[in-house]
Amino acid sequence: MTGIFRPRQLAAIVAAALPLLLAACSGQYPNSTFTQLTDFNRDANGLWNTMMFWATIVFVFVEVLLVYVMFKFRRRPGGPEPVQTHGNTKLELTWTVLPAVILVFIAVPTVKSIWRFQSGAPANALQVDVIGHQWWWEFRYPEQNIVTANELYLPIGRPVNFTLRSADVIHSFWIPQLAGKRDLMRNRTNTLWFTPDSVTPQAFNGSCNEFCGASHANMRFRAYTVSQADFDSWAAGQAANAIFPVAPPAAAPAGATATTVAATTQDTVAAAAPTAGYAFPLSELPPHVLPKTPIPAGLTIADDVLAAGDAQRGFQQYSRSSCIGCHKIRGNPSSLGVIGPDLTHLGSRHTLAAGLFPNDARHLALWIKNARKMKPLASTSMPTLGMGEIDPILKTTVTAGLGGLTDQQISDIVAYLMTLK
Amino acid sequence: MANDHGSHASPDHAHEHPTWKQYKWVALILTVITAFEVWAYYVPALVASPFFVPMLLIMSAAKFVIVVMFYMHLKYDNRLFKALFTGPLIIAMATLIGLLFLLATHKAEGGIG
Amino acid sequence: MAHTAAESHAPTHHYTTTGLDNRKVAIWMFIGSECMLFASLISTYLIYKGKNLVGPLPHEAWTNPQTGQVMPAILDIPVTSVSTFVLLMSSLSMVLALAAVENRGKPVPPGLGGRILSSSKLWLFMTCLMGAIFLGFQAYEFTSFVHEGLTIRRNLFGSSFFTLTGFHGAHVTAGVIWLGTLLAIDMKRGLQPKDAVWVDIAALYWHFVDVVWIAIFTLVYLIQ
Amino acid sequence: MATVAASPTYTDSAGSHRTGIMDWLTTVDHKKIGTLYLHTALFFFLVGGVEAVIMRAQLMGPNGTLVSAEVFNQLFTMHGTTMVFLVIMPLSAAFFNFLIPLQIGARDVAFPRLNAFSYWVYLFGGLFITIPIFFNAAPDGGWFAYTPLTGREYSPGQNLNFWVLGIQILGISSLAAAFNFATTIINMRAPGMTLMRMPMFTWMSFVVQWLIILAFPVITIALFFMQFDRFFGTNFYAVSAGADPLLWQHLFWIFGHPEVYILILPAFGLVSEVLPTYSRKPLFGYAVVAYSGILIGFLGFGVWAHHMFAVGMGPIADTVFGVTTMLIAIPTGVKIFNWIFTMWGGSIRFTTAMKFAIALIAMFTIGGISGITHAAPPSDMQQTDTYYIVAHFHYVLYGGAIMGIFAGLYHYFPKWYGRKMDERLGTWHFWLNFIAFNLTFFPMHFAGMLGMPRRIYTYDAGQGWELFNRLSSYGAFLMAPAFLIFLWNFFRSKTRGEVAGDNPWDAATLEWSIPSPPPEYNFAQIPMVTSRYPLWDITHPERMAGIPHSAEGWDDAKQRTGEHVTSGGKHEADVAPMHIESERRSAKELGIPMPNPTIKPLWVAAGILVLFSSLPVMYAGKNMIAFAMMAIGGSMFVGFLYAWLTTPMEDAH
């Protein structure tokens, strides 16, 4: 009967699987876990290879045996009645003991690896605190006094120890090419450490891996491994207060407001480092790190309005908008919120909205206009701000009374924020 | 009738039940242990000693076993019932101990500062 | 004996593979299952012990954040010791009730003691009564805790304590209703030895609820 | 005189001749209840399948826009919940109901009315948890419902209420059924049917009942905590009050891991019936297969935390749970080899049932091997919560449980309905299903190891996952017609299939010694069993030469009960040496008393439904309506339960 086709089917599957497996090791899989870029992954992959070695043997043995039995013992017309056996103690003992022996070969390196990576990080490790939020990542470097969001810089060759906590529900921190994942949660502090030791600077995608609500899929981040020198430069830049272009040009509107603003900016500049720090060059970012999420239909901003955005006006607008209640910009004395991501060096980041969009003027403007449309339930606290937009959660139209912003005002704020390198 | 009686006298009834005398003694022992436990609770030196918790656990286990053996007549009943009870009890205790080991470590934090 | 003709012709005892009654097999498995149920409840209570952010606390004095007043530990050991004793004694009356039903039809031992011991109604009633007294104590304990500020929402201790003892209390309540029903049947037509298995499974349930309390009393009330 | 009160004698009741819908609503016949389970579960299979197809359509390409994030989250939550609680468990329950009494030579289960109750609770619970999806209010916290996400603070909607209450209702059904079947297997076996002569399906079912008895109380408590948190504001999972976010996870997986075996072991039992039949050989190493089933069940309680390696339990716990998990591979591997050697030297007939059984061996092996890879925590940290895991457990639960259940359905259909399913359509179903299954799930291994997380409703372009997702989606689209072919074949064959006869497959166990479909009383005379394959003793004595026979058990029974060995309340005359019954007579003619049909279990179940439904009403702030519902539901529950318990099961003579 049809049983005869089975082996071919099986063979076809195995044949189809092999090239896929080979392809998996090549460069077109930018989030592959099969990398040699950290001590952690080398360890995990060593373990994987050991297991795959035995798995292949067991798989081939079992399936070949099965196929052989199906061929050899299929019913033939007029065939004899089968010889009756109902057990064989020696055989059964063999296939009980053999797997047990194989498991020893797997268990020993497993246990070694468990203890190696769970006995505390090396003393010289760089400390990074990761805090998961619905749905974005907060990264803090306590030694460097840095607070940033959604983009992580790691020096090559130095172990890094992550302390993982959550502000709300459980999240899971994962950069597949660098290490395994660890959960972040309230009331428990987790750790994870590894040493990125690739030769060249690289950029990676990271993601949340524990289901954390509506926008779980949109909780992504980026990690850059850079040289120690670049890292130091980056760290110095990030640790400093926001740099904001000095005093308004001569043509700036006169009056009390302008004066206060000027005074404030002067202070800001005085406290800030003179130059922005290192940032991973945009031109060197591999394509998979650049977000390609489409903009939702019906959400637009006119090019000319966007281009006309003025940073100085934006600064004023920002400083009296509802933004300051949730976001912090060190150097802007009115922007002190801590609920949302720290925006002090927003302009130095390459992505927006937890890795969902490229961080350019257009996306930032649309994000401010209607974040809840850009990212489902982006957050109950990041409101829809564009005048005339419909809030997808509240189902109401945003008006000036509700703190709505015109496209022009948004463009100004964007211009301001993009200066925060 | 005799047959009927015979079939009724199946193993779960064919054994000796404990008697009133035994019941009385069991009740007395339970009372004494309970009284001792409560007394121990009020002796600060005892409470502070490292034997306090093990002692209470042993006494409570003793009461547990006595009730199960005599009042639930597991001592006299069919072996099957012993298996039906002790099996799950062992799994339940192992689970309890495993959970305590795994979850004793969490710390309540006020929140993320 | 007093049997109808039809009954004596009828087939007799259900054949079972083990010779044991189906209901008894089932009740023991049910009790095994209940072990896991209470193990989960007790583990949770113990895990959350000492993890409270606010009082009241079971064994330690605590400071009321609103008033700054130092409040004593909340558990009332003397009261609970009495209710524990009552529940333990209810197990004694339960075994006597079962024995009385099983021995019905046999000659009653001479004297008042013999008559008392052979009264299943009395012992079923006593068991129900003691169960009800236990529940009364629990109701008193719960209300006084609520007055002292410990509600099921208050803290981890409140949630796990009320749930654990509440589940036990619900079991006692079910037991009282069950035994009350048996008592009503006994009053109506008299329980016979053939009905003993009904009393037996109710008794096994009742004793199990008792041993759970033995564990709770030690783990929750006595160990600090 | 020794008549036990609750077990009055059987009689042929007047009520047993009801027809039509009332017949189904009032039935206490284990075979009919099995049929109800089967059809309800197939309906939910269709629902769960539609959910899966929509998800695969959404994920076919990057940045899909077919459904919103909210809808997708409801879909994957309900797909998991449906397939676990409303499809595989009830399909297994259909077989428990239909087969266990037949396989052990009993006239019914130990508690027939409790059995009906279990079914009605399942049906109501299933509808309770499923219907909200049509109002975009279905549970959306995943089938694992991790706290604190599922607490009121982060999921304030009604969605999760339906989940927590629905699973609680379904738990009542599973527990009631488990006590019933475990008692049946312990206590209702025919004389001589010792434990080591039980058919393997009954053995595996027995292990499963124990897993349910011990695992479900834990989830019951975990759900109560969640329920209290959501409805009454307690703090069990409230992290802001200092609760441990892992408490739920541990309790859930203490239940959840045994649950995996609850899903797979019945299928193992079914293929252990199918393989010997079509190989014409007894099961190789019967005792070892039985013991390994027990061992899998027992070890299943000691491995739960391997679902949680990413939560950071510390090196000791990781080591312990990693190693115990690896140990489970041993008894599982033993089963695989025993099945292969059952076929070895046999005379294999490739019926559809056999094809599915062999597919189980082949596919479950893949799932088992990938299972080993995440028994190693450092490796699992790269795998967990990715599509690799999705691939793994579909190889176990679809390649294992579902394939086994299909094998069982094709194999037992003739016994169930008296007709065979069409083999040509069956072959189509098998091959389409087999190809579609591998096309759907094999690429997921790659997607996962190449970095694709689970439970995401969208992914960006250029991540290297497009190909695998497209293949998986094609596979899912192919699986749908395969299932429709099965449904067509199933319903058509009931009335138009080839008439089967009593023992169309030449099988060896008791259920094949009676007419197909079995008469309501199952066995006119209870057979005395003297070996593991009682029917082959008659039809193929030559096969039974090496297999031990004895009067063990039968002698015991005789000795214990004196001259009066009876079964199911029958006289000794109704117990007879192993024989074939092909004559079909009515219970009345034979004088076999049957339990009365009754609608009370349905009403008790309905009372539970009303009681539970009051809580979402309360959550919506309509307290008066909620209290009214509680009062109505509570009194229905108590009232009908009393009525049920005080009515004897059968009419007295």
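Just so you know, all these numbers are worked out from the coordinates, no wet-lab data involved. All of these numbers come straight from a predicted model, not from anything done at the bench. Here Cβ is always computed from backbone atoms with ideal geometry, including for glycine, and neighbour counts include all displayed protein chains.
What the table below lists for this structure:
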read-out	value
Least to most buried among D:22, D:624, D:629, D:226 (fewest other Cβ within 10 Å first)	D:624, D:22, D:629, D:226
Chain C: angle of helix C:196-216 to the longest principal axis, Cα-based, in degrees nearest 10	20 degrees
When each of C:24/D:588; C:106/D:588; A:395/D:622; C:106/C:188; A:72/D:420; B:24/C:24 is checked by Cα-Cα distance, pairs over 29 Å	C:24/D:588; C:106/D:588
Relative contact order, percent, region D:30-496 [alpha-carbon distance under 8 Å, six or more residues apart]	17 percent
Alpha carbon centroid spacing (whole Å) that separates region A:145-172 from region D:149-224	42 Å
Rounded to 10°, Cα long-axis angle of helix A:256-271 versus longest principal axis of chain A	50 degrees
Alpha-carbon centroids, region C:79-149 and region D:235-311: separation in whole Å	42 Å
Within the protein assembly as shown, percent of DSSP bridges classed antiparallel, to nearest 5	65 percent
Residue order, fewest to most surrounding Cβ atoms within 10 angstrom, among D:273, C:148	C:148, D:273
Cβ charges +1 (Lys, Arg) and -1 (Asp, Glu), total dipole of chain D, debye	720 debye
Cα-based helix-to-principal-axis angle, A:228-239 vs chain A, degrees rounded to 10	50 degrees
Within region D:444-518, GluC sites (Glu not before Pro) in DSSP loop having at most 13 other beta-carbon neighbours inside 10 Å	D:498
Listed residues C:150, A:55, A:339: farthest to the positive end of the dipole of the protein assembly as shown (Cβ charges)	A:55
Contact order normalised by residue count of region A:319-421, Cα under 8 Å, 6+ apart, percent	22 percent
Contact order normalised by residue count of chain A, Cα under 8 Å, 6+ apart, percent	14 percent
Inter-chain Cβ neighbour average for residues D:88-100, partner chain, 10 Å	0
Charge dipole of chain A about the Cα centre (unit charges at C-beta), most positive-ward option of A:159, A:383, A:363	A:159
For A:165-171, mean number of other protein chain Cβ atoms within 10 Å	6
